[in-house]
Every structure is written in C-alpha cells, then in structure tokens.
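Working notes, structure below.
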2 protein chains.
Amino acid sequence: MTDAELQAGLLGGDRRALARAITLVESARPDHRARAARLLGAVADPSRDTLRLGLSGTPGVGKSTFIERFGLDRVAEGHRVAVLAVDPSSARSGGSILGDKTRMERLARAPAAFIRPSPSQTELGGVARRTREVIALCEAAGFDLIVVETVGVGQSETLVAQMTDIFVLLLAPGGGDELQGVKRGIMEIADLILVNKADGDMRRQAEATRAEYQGALRLLRRRAGDPDGYPAALAVSALDATGMAAAWDAMAALAAHRRASGRFAATRAAQNRHAFEDAVRQGLLRHLTADPGTRDRMAALGRSVAAGQVAPAAAADEILRAILGAAGTGGEGA
Amino acid sequence: MTDAELQAGLLGGDRRALARAITLVESARPDHRARAARLLGAVADPSRDTLRLGLSGTPGVGKSTFIERFGLDRVAEGHRVAVLAVDPSSARSGGSILGDKTRMERLARAPAAFIRPSPSQTELGGVARRTREVIALCEAAGFDLIVVETVGVGQSETLVAQMTDIFVLLLAPGGGDELQGVKRGIMEIADLILVNKADGDMRRQAEATRAEYQGALRLLRRRAGDPDGYPAALAVSALDATGMAAAWDAMAALAAHRRASGRFAATRAAQNRHAFEDAVRQGLLRHLTADPGTRDRMAALGRSVAAGQVAPAAAADEILRAILGAAGTGGEGA
C-alpha cells in the first residue's frame with residue numbers, strides 16, 4: 001500500500017488502512033515518523049464534527065460493561081464509535097491487546113465500532129503523542145465519537161483530559177472516592193461523575209453516593225461558561241441500561257453548549273498548543289541522552305565537574321554552546 | 001581591577017576583591033558570565049579543606065541569634081566564617097540586604113566573618129547557581145566554614161541540601177513540625193535537628209520536643225555509612241549559649257566520619273554533577289523563550305497547531321530539527 005493509497009483508504013473509512021496508519025504513527029522509526037507526520041498533515045480537517053470523551057474508572061467499577069452498552073447505543077443511533085485505551089501499566093503487563101476486545105465482545109464485532117488497545121510504551125509522554133495521533137486517524141476514517149478510557153493510574157487522567165472534550169469519571173456505589181482509589185484532583189477535572197451499578201441491591205446506595213458527589217461538586221468552582229448543573233453526578237446501570245440515555249444526554253448537552261459558546265474549539269486549540277510545546281520540551285531533554293555525541297560530551301564534562309576541575313555552570317555553558325550554537329547561552333533571564 | 005588582580009586579591013583573602021567577584025558571578029551579562037567562568041576555573045582547588053553547613057529554620061525559631069552565636073564561637077576558634085542566604089522570597093520583598101547584616105550585628109563586624117544576603121532573583125535555579133558559585137569564591141578567599149541559611153519556603157531546603165555537606169534543621173520547642181511550618185520531607189534530609197530556645201520557661205518543653213524528634217528520627221533509615229546516633233536531635237539555647245558546643249561537636253564528628261569514609265568527597269562530586277546536568281536542562285528549556293528566532297518560530301507554529309493545520313508532534317519535530325539539526329529527532333526511545 002503506497003502512502004497515497006493509505007491516505008485514500010483512510011479517508012474512505014477502510015479499516016485495514018486505519019490499522020496500517022495506526023501502526024505507522026505508533027512506530028518509533030524516524031522514516032515512519034516522517035511518513036506519519038505527512039499523513040497526519042494531509043488528512044487533517046479541523047472542521048470535522050467529532051466528540052472526544054475521556055472516561056476514567058478504577059478496575060471493578062464496570063468500565064467495560066459501561067463502554068459496551070454506551071457504544072452499542074450510539075452505534076444504534078448512527079454514530080461511528082472508536083474506543084482507545086491509555087493504560088500506563090500495559091507496558092509492564094504486556095498490554096491488554098486481547099483483553100480490550102474480549103471484554104467488549106459485542107461492540108468489537110459492530111461494523112461501526114473500532115476498538116484499539118493502549119500502545120505499549122514505557123514513556124507516558126510517548127503514549128500521549130500516539131493516542132492523540134490515533135484519535136486524529138480515527139476521525140479521518142469517519143469515526144465521530146471517540147472514547148478514550150483510562151484506569152486512573154499515575155498521571156493518565158490528566159493526560160486523557162488534555163486530549164478529550166468532555167471528561168467522565170465512572171465510580172462504584174459507596175466507599176467514597178479515596179476508598180475507590182480515585183486520586184485527588186480528579187474531581188476537579190471531571191465534567192460528569194457517573195455512579196454505576198445502580199441496579200438490584202445496590203440501587204439505593206448508588207443514589208446515595210450520587211447525591212454525595214453532587215454535593216461535593218457544588219463546592220467546586222463551576223467551569224467558566226458551562227451551564228448550570230455542571231459538573232453533574234448521575235446514577236446509571238450499564239447492566240440494566242437504566243440512566244444510560246440521561247448520561248448521554250448530559251454529555252451531548254454540555255458539548256452543544258460549549259460548541260455554541262466557542263469554548264469547545266478554544267479548548268481543542270489550547271490542547272494542541274500544549275501538546276506541541278510539551279513535545280518540544282521533551283525532545284530537547286531527550287537529545288541529551290539520545291544523541292551519542294552529546295551523551296559522550298556530557299559524560300566527559302560530568303567527570304571534570306565531579307572532580308571539581310570545572311564549575312558546573314561553566315561546563316553547562318560549554319554543552320549548551322555545542323548544542324545551540326553561540327545563541328545558546330544568554331544568562332538566565334535575570 | 002583587572003581580572004588578574006581580581007584573582008590575586010581573591011586568593012589573598014581581600015574582601016573588596018571577594019565582593020567584586022561575587023558581583024561578577026551574580027551578573028546575568030554574557031561577558032560577565034564568561035569572565036566569572038574563567039575566574040571560577042582559575043581559583044578552583046578541590047583539595048581545599050572546607051565545611052559547608054546548610055541551615056534551615058522558619059521565621060521565629062531564632063535563626064539569626066543562632067548563627068551569630070555559632071559564627072562568633074567558630075571565629076574565636078580560628079575559623080573564617082561566611083554566611084550566605086538563600087531566600088526565594090527576597091525577589092518579592094526587595095531583598096534582605098540590610099536585614100541580614102543588622103540582625104547579626106556582632107558577627108557582621110568580625111574581621112574573620114563575611115555575611116552575604118540572598119541574591120534577588122525570581123528564578124530559584126538562578127539563585128542556586130549563584131549561591132554555589134559564591135560558596136566557591138568564599139572558599140577561594142580563605143573562608144573554611146560556609147553557612148548557607150534558608151527560611152524553608154518552597155523548594156529552598158532541597159536546594160541548600162544539594163550544595164552543602166551537612167544539613168541542620170533549627171526548630172522551636174513544642175508545636176510539632178507541621179505546626180511550625182516545616183514541610184514534609186525535610187526530616188528526611190536533616191543530619192541534625194536542633195531545638196532552639198532551651199532556656200528559661202521553655203527549657204523543659206525544648207527537651208520534650210527534642211526527645212520526640214529523636215524518636216521520630218529513629219524511624220527513618222540511617223544514611224548509609226553514617227555513624228550510630230545520626231541523624232541526631234539536640235536541644236540548644238543560642239541565647240544562653242548552652243548546648244552550642246555539643247551541637248558543633250556533633251557536626252564536626254559527622255563531617256570527620258564522612259571525610260574518613262570518602263562519602264564527603266563523593267557527595268560533593270555528585271552535587272557538582274547534578275548541578276551541571278540541571279543547568280544543562282534548564283539552559284535548553286530557557287532557549288525556547290530566550291532565543292528570539294526560536295521564540296518567534298514557536299509562536300508561529302503554535303498558531304498552526306492550535307488551528308489544527310499541523311499535528312503537534314510534526315510541529316515539535318520541525319522546531320527540534322531547527323534547534324538541534326538532523327540529529328534532533330530520533331523518535332522517543334521506544
């Protein structure tokens with residue numbers, strides 16, 4: 001498949017082309033990176049009408065059941081749904097490549113749905129870049145609803161929140177957020193808290209938990225420009241499919257409000273800019289260890305500095321001049 | 001004063017030369033930086049036998065009284081004592097240039113003592129570099145005991161611990177460390193905790209506080225290679241001059257033990273190397289905003305990225321190639 005064929009296949013919604021394109025953006029090979037950059041540039045279309053949902057939930061809250069039910073409902077309405085995972089632990093565990101598809105079996109078989117496991121990668125920054133690019137590819141292939149799920153370990157929620165339009169936190173009834181392993185700060189980034197398992201014996205407790213969170217959310221500052229009632233807390237049962245339509249309505253209404261106010265587009269623009277600046281910073285720092293010449297020079301100067309023969313700042317200036325040229329060292333902006 | 005005269009004066013212990021040299025290393029002007037680097041290289045002598053003490057204490061614990069008493073005692077023993085301050089708030093408050101000398105009036109007048117206020121600088125990294133270089137200049141001028149004091153705001157303790165041989169935490173009786181505004185993690189870096197104001201009515205409470213901290217310190221892992229009993233907690237009164245000799249003995253004994261084991265030299269070498277690597281990282285990141293060409297290119301690409309015309313990673317690659325050349329982008333080390 002030539003790059004032109006890949007591009008045409010992708011824009012035509014061909015799943016094989018999408019899978020190939022994803023392999024390309026997930027590759028670390030410089031020639032692949034260059035081809036991926038060209039492809040992403042060629043298929044970019046900021047006017048595409050898509051919605052990116054971030055979904056966080058610790059293991060045991062029924063995340064897979066929720067996504068399957070939610071995804072099938074959207075597919076039935078005519079949406080094309082892509083489910084991506086950001087799992088910082090997948091590098092260690094060998095990935096959830098089989099797991100992701102088997103735990104959402106019906107959705108995985110739906111022609112209008114696409115499920116992609118987390119790229120295995122030790123560096124969270126690398127996962128972020130790849131996931132962001134996979135979102136762009138899925139949207140180019142015609143998927144208009146992207147669900148990015150994360151298990152809420154380490155910094156993955158913040159990362160997912162920075163690449164999605166609406167962030168949903170899925171909780172189980174009772175226990176409180178700390179007992180459920182939800183980290184501090186997540187409440188602050190959630191647009192919607194869904195208390196799952198509001199079914200059978202748990203129904204009453206789910207409602208009590210929901211009311212508690214609604215109370216807690218009221219204490220938080222409302223996000224500038226959002227309508228009354230947000231961030232909101234709802235009780236749902238993915239198993240019984242109760243409250244699921246209301247949950248989607250709440251997401252859709254918030255998205256519509258933000259689109260109308262211009263905040264939707266402004267947030268995406270800020271996210272892109274942030275991702276760009278972050279990639280520059282990480283790339284610069286990576287150069288110190290990735291470039292053999294710089295690495296050797298750092299090691300040699302490090303020895304002289306450690307021995308007290310050269311002042312740390314003078315040695316740093318020497319490295320910076322070697323990397324950046326004469327413009328490299330202009331003091332500290334004091 | 002030519003640079004050769006400055007160097008000779010500094011090594012001869014001339015206070016005017018020391019003050020001039022400090023002005024030079026505190027300057028942000030590139031030509032001053034270059035001259036300072038040459039001077040620091042020329043006067044460097046790793047074989048100098050000096051001791052660098054870090055001293056942290058929140059306002060109200062009697063830090064000035066302690067340093068004055070401690071400094072005068074060392075001067076009486078024949079030491080030459082330099083007192084430097086790292087105060088991250090001095091940039092805001094306009095500096096403690098008058099304050100530092102007036103609050104240690106007798107020490108400030110002692111011919112064998114030198115007191116230098118914190119450089120006013122908004123960037124903590126800049127304060128660290130300057131203070132490290134002022135230490136080197138003071139040592140070149142014959143000061144063998146350097147006290148670097150900090151008020152314990154922000155990250156200043158960690159910073160001071162990274163440029164000193166022994167780190168002392170000064171506390172007031174009672175209250176507990178949290179009530180006294182001591183941040184978590186400081187206990188872990190302290191070699192010695194001194195409970196000051198063990199005089200008059202406070203004497204009993206100071207002893208109780210000391211015992212509490214000694215108990216807490218026992219729970220912490222002893223630093224590899226340090227003798228039994230360290231980190232230690234002692235009660236002192238800088239006002240009555242009780243316990244002050246024992247406190248100095250505890251510092252001197254620890255320093256002697258570490259010198260004999262080789263850890264003293266190894267720590268200084270590691271500190272220098274860390275300062276060097278940190279200065280390189282900070283210099284690289286500073287380039288993004290300090291270099292006009294890079295800054296303009298970042299802004300222009302940032303706009304394209306925000307508008308969705310260029311993928312963040314592709315734009316980052318372009319900047320990195322411009323800064324680092326072809327070697328700049330070799331994937332993410334995946």
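Each residue in segment B:281-304 was checked for being touching a Lys or Arg at 6+ places or on another chain (Cβ under 8 Å), at pLDDT 95 or above and more than 7 Å from chain A (Cβ to nearest Cβ), and 0 pass.
Elements of the type helices (runs of 4 or more DSSP H) sitting completely within segment A:142-224 and holding at least 2 residues that are modelled with pLDDT of 85 or more and at negative phi: these cover A:156-161, A:203-219. Scanning segment B:182-224 for residues that are in contact with an Asp or Glu (Cβ under 6 Å, 6 or more places away or on another chain) and over 19 Å from residue B:160 (Cβ atoms) yields a single hit, B:199. Here residue A:41 does not qualify as within 26 Å of residue A:158 (Cβ to Cβ), of a type in the set (Gly, Ala, Ser) and either modelled with pLDDT under 95 or open to solvent by less than 60 Å² (accessible area, probe 1.4 Å) (or both).
Evaluation of residue A:269 against the conditions (1) part of a loop (DSSP other than H, G, I, E, B); (2) surrounded by fewer than 18 Cβ atoms within 10 Å (Cβ to Cβ) shows that the sole unmet condition is (1).
Checking each residue in segment B:13-27 for being in contact (Cβ under 8 Å) with a residue 60 or more places away in the chain and open to solvent by 10 Å² or more (accessible area, probe 1.4 Å) picks out B:13, B:14, B:15, B:26.
Each residue in segment B:228-242 was checked for being part of a loop (DSSP other than H, G, I, E, B), open to solvent by 30 Å² or more (accessible area, probe 1.4 Å) and not charged (D, E, K, R), and 4 of them qualify.
Might you let me know whether segment B:45-63 holds any residue that is of a type in the set (Val, Ile, Thr) and open to solvent by 40 Å² or more (accessible area, probe 1.4 Å)? No; the residues of segment B:45-63 include none that is of a type in the set (Val, Ile, Thr) and open to solvent by 40 Å² or more (accessible area, probe 1.4 Å).
The values are calculated or read from the model by the stated rules, or taken from the named source; none is laboratory data. Worth saying up front: this structure is predicted, and the values here are computed from it rather than measured. Note that we place each Cβ from the backbone using ideal geometry, even for glycine, and neighbour counts take in every protein chain shown. The protein model used for the area step is the full one, side chains on, heavy atoms only, and it has no ligands, DNA or RNA in it. Shrake-Rupley method; radii C 1.70, N 1.55, O 1.52, S 1.80 Å.
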